[in-house]
Amino acid sequence: MLDLGKVGVTASVQLNGKLLNTIWYAKRKFEVSAFIKEDNTLQVTVGKKYSNRIIGDFVEFGKLNNVWDTSTVQEYLNKNKPLKSSGLIGPIQLVKFSN
């Protein structure tokens, strides 16, 4: 089993070019025995919290700079609030599963 550990938001996992799954929830383990080889390529594409980028703009520029939004995000995002965990936090482990 491939265990991604903690994932903030979303993750799409490919092993040796084969899409294993895209997760949007707490399930972080993938059965990999049918796909694993002696030499392997693991690709994990993660999504990040959009609100973190908006807050980053306010911290760095004092206004929205890298994103475009039609709402008044200043009303519900505060640059002094801590950012949310986001991305691949891990630890990533290959775990032997026994019956």
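The values are calculated or read from the model by the stated rules, or taken from the named source; none is laboratory data. Fair warning: this is a prediction, and the values are worked out from it, not measured in the lab. These accessible areas exclude ligands, DNA and RNA; they are computed on the full protein's heavy atoms, side chains included. Shrake-Rupley method; radii C 1.70, N 1.55, O 1.52, S 1.80 Å.
Here are the numbers for the structure shown:
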{"item": "Selection from the range 19-58 of residues that are under 21 Å from L83 (Cα atoms) and open to solvent by less than 90 Å² (accessible area, probe 1.4 Å)", "result": "A26, T45, V46, G47, K49, S51, N52, I54, I55, G56, D57, F58"}
{"item": "Subset of the range 3-18 (residues that are hydrophobic (A, V, I, L, M, F, W, C), within 21 Å of S85 (Cα to Cα) and open to solvent by less than 50 Å² (accessible area, probe 1.4 Å))", "result": "L4, V7, A11, V13"}
{"item": "Residue selected from the range 80-99 under the condition of a type outside the set (F, W, Y) and over 22 Å from the mean Cα position of the chain (by Cα), by the criterion modelled with the lowest pLDDT", "result": "N99"}
